[in-house]
Amino acid sequence: MAQLWGGRFTKETDKLVYDFNASISFDKRFYAQDIRGSIAHVKMLAKQGILTEEEEEKIIEGLNGILADVENKTLSITEEYEDIHSFVEANLTERIGDVGKKLHTGRSRNDQVALDMKLYTRDEILEMDGLLKSLLEVLLKLMKEHTETYMPGFTHLQKAQPVTLAHHLGAYFEMFRRDRSRMKDIYRRMNTCPLGAGALAGTTYPLDREYTAQLLEFDGPTLNSMDSVSDRDYLIELLSAMSTVMMHLSRFSEEVIIWNSNEYQFVELDDAYSTGSSIMPQKKNPDIAELVRGKTGRVYGALMSLLTTMKGLPLAYNKDMQEDKELVFDAMDTTKGCLALFTGMLDTMKFRKGKMADSAKHGFTNATDAADYLVNHGVPFRDAHGIVGQLVLYCIEKNKPLDDLTMEEYKAISPVFENDIYEAVSMKTCVEMRNTIGAPGKAAMEKVIALEEAYLAAE
Ligand code: ARG
């Protein structure tokens, strides 16, 4: 049991209490951030004349030594220490002697852990943004390839009107683009440095907080020391943004699962991204998509959990806040893992254009266009709606799509129909006529693709 306190205690900590309280098993993951923060703190202390230059040099050399040794695995972070802060400080003193004990001057673990978590979260946000960008790149590549891949668009999971695969995938492009912008917002809002807030009330040492903020690439110091050590808003915002990413991935997964089903057969998953059954030899299951859908619950759970942890906490620091880490780390790992896997699965998936077009054709997705045809020939829309309704009923009886009716069959229901009806209800016409910005027509889609391409090149 190695801890940073004990002077006012007359008894050893109970072993169960020690284990219950310790956080090293999970906070060891930000050892690099802890060391980076300490180096900035020491530089500032020396600049302010609180440490001598010699002390500064010794401490920084010691800290860099610990970092190198952990990284090359000659030093392992063992659980005999209470937390990562104790581990670093104890190791430092072992290496460089008593001068190591000066590291913690003008600092508390409360502002230290607040800093470490912010440094770690900033790195994670950048990583997550990179993964979202890779997903957008795959989506854009597919959109370019599929501006003429016709498929049914659905409402109520019923075939509604024809769209293209480019258009359908484009909807997900918008979702993940918004996710990126949420990440950016969170980064911008959280980018203030809590170091120097002390336990809660600042310190009596003449710290230069602007300087440490600058060394650590923050926009500036936080402006209230009590808030600095007890703010976990940015983690709640990030959990909310990650929950939204997962919600998007989960919806997309649900569609992949439907598209991959025997009934739809719109897609074929790559062997590398699907799994078999131990009993049914014919099976090729979409387990990755199902797991992404399933893991969404964990991330939502983390958001609810942290909100609940924070709701009753009086100012300033309370140990409850230590609970933020496991939740947030798990949600980060889950979201990043799901993004990477989903991107790979999407990139290797085959789209069965024939099946998609056939499905659009056999689902009367062109019924609205047949009604519009009549309207263009002078029939009031309400009557046109009725006439096409009769046509659809007739087609259902005959088990035919609208496209395959003979001219006699059309004329029997309305004399207004002429030969150009075939052109009017063809999948191509139905889609190509929809050319307002945001619609599936090829010209409109190409404009959007160009805009999205410029966006990806710029950010
Ligand atoms: N492990 C603690 C946490 O994660 C570090 C801060 C400890 N501060 C304290 N006053 N006990 O919150």
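The values are calculated or read from the model by the stated rules, or taken from the named source; none is laboratory data. Model, not experiment: these values are computed from the prediction. Glycine also receives a Cβ, built like all others from the backbone with ideal geometry; neighbour counts cover every protein chain displayed. Remember, those area values only see protein heavy atoms, side chains included, never the ligands or the DNA or RNA. Shrake-Rupley method; radii C 1.70, N 1.55, O 1.52, S 1.80 Å.
Note on residue 10: accessible area approximately 140 square angstrom, rounded to 10, probe 1.4 Å, nucleic acids and ligands left out. Which residue, 449, 225, 7, has the largest displacement toward the positive end of the dipole of the chain when charges sit on each Cβ (Lys, Arg +1; Asp, Glu -1)? Among 449, 225, 7, the one farthest towards the positive end of the dipole of the chain is 449.
Solvent-accessible area of residue 420, all protein chains in place: 80 Å² (probe radius 1.4 Å, heavy atoms, ligands and nucleic acids excluded). The dipole here belongs to the range 149-213: it is taken about the Cα centre, uses +1 on the Cβ of Lys and Arg and -1 on the Cβ of Asp and Glu, and is about 240 debye.
Over all projection directions, the Cα-based convex hull of the range 26-74 averages an area of 3.5 nm². If R₀ is 45 angstrom, what is the calculated FRET efficiency for the pair residue 17 and residue 188, using the beta carbon separation as r and rounding to 0.05? Result of the calculation: an efficiency of 0.65. The charge dipole of the range 228-331, taken about its Cα centre with unit charges on the Cβ of Lys, Arg, Asp and Glu (plus for the first two, minus for the last two), comes to roughly 240 debye. Positive end of the dipole of the range 131-186 (Cβ unit charges, origin at the Cα centre): among 176, 156, 166, the Cα lying farthest that way belongs to 176. Annotation note: chymotrypsin sites (Phe, Trp or Tyr not before Pro) in the range 396-459 located in DSSP loop regions with a Cβ neighbour count of at most 12 within 10 Å are absent.
Scan the range 226-325 for GluC sites (Glu not before Pro) in coil per DSSP, keeping those whose Cβ has at most 15 other Cβ atoms within 10 Å, and list them by number.
263
Whole-Hz Karplus values for the range 132-141 come out as 5, 5, 4, 5, 5, 5, 5, 4, 5, 4 Hz, taken residue by residue from phi with 6.51 cos²θ - 1.76 cosθ + 1.60 and θ = phi - 60°; glycine and proline positions read x. Averaged per residue, the chain has 48 square angstrom of accessible surface, using a 1.4 angstrom probe with ligands and nucleic acids left out. Largest first, the residues 35, 288 sort by 1.4 Å accessible area into 288, 35.
The charge dipole of the chain, taken about its Cα centre with unit charges on the Cβ of Lys, Arg, Asp and Glu (plus for the first two, minus for the last two), comes to roughly 640 debye. What does the C-alpha gyration tensor say about the overall shape of the range 184-256? Classify as rounded when a/c is under 1.5, otherwise prolate if a/b is larger than b/c, or oblate. Prolate.
Indicate the gyration tensor shape class of the range 346-408 (rounded, prolate or oblate), computed on the Cα atoms with a ≥ b ≥ c the square roots of the eigenvalues: a/c under 1.5 is rounded; otherwise a/b larger than b/c is prolate and the rest oblate.
Values: a/c = 3.17, a/b = 1.95, b/c = 1.63.
Because a/c hits 1.5 or more and a/b exceeds b/c, the range 346-408 counts as prolate.
In terms of the Cα gyration tensor, with a ≥ b ≥ c the square roots of its eigenvalues, is the range 56-114 rounded because a/c is under 1.5, prolate because a/b exceeds b/c, or oblate? It is oblate, given that a/c is not under 1.5 and a/b is not larger than b/c.
Derived scalar couplings between HN and Hα for the range 79-90 equal 8, 6, 9, 5, 8, 5, 5, 5, 4, 5, 5, 5 Hz in order, rounded to whole Hz, by the Karplus curve 6.51 cos²θ - 1.76 cosθ + 1.60 (θ = phi - 60°), x for Gly and Pro.
Between amide H atoms placed 1.01 Å from N, distances below 5 Å from residue 285 occur with 275, 276, all of them 5 or more places distant or on a separate chain. Each residue of the range 31-43 was assigned a 3J(HN,Hα) from its phi angle through the Karplus expression (A = 6.51, B = -1.76, C = 1.60, θ = phi - 60°), giving 4, 5, 5, 4, 5, 4, x, 5, 4, 4, 4, 5, 4 Hz with x at Gly and Pro. Starting from the Kirkwood Rh over alpha-carbon pairs, what translational D in µm² s⁻¹ does the range 196-309 have by Stokes-Einstein at 25 °C and 0.890 mPa s? Result for D is 134 µm²/s. Rounded to the nearest 10 Å², what accessible area does residue 145 show when all protein chains are kept and the probe is 1.4 Å? About 100 Å², rounded to the nearest 10. For the chain, with all protein chains in place and a probe radius of 1.4 Å, 53% of the accessible heavy-atom surface sits on carbon or sulfur.
For the chain, the residue among 401, 30, 381 whose Cα projects farthest onto the positive side of the dipole built from Cβ charges is 381.
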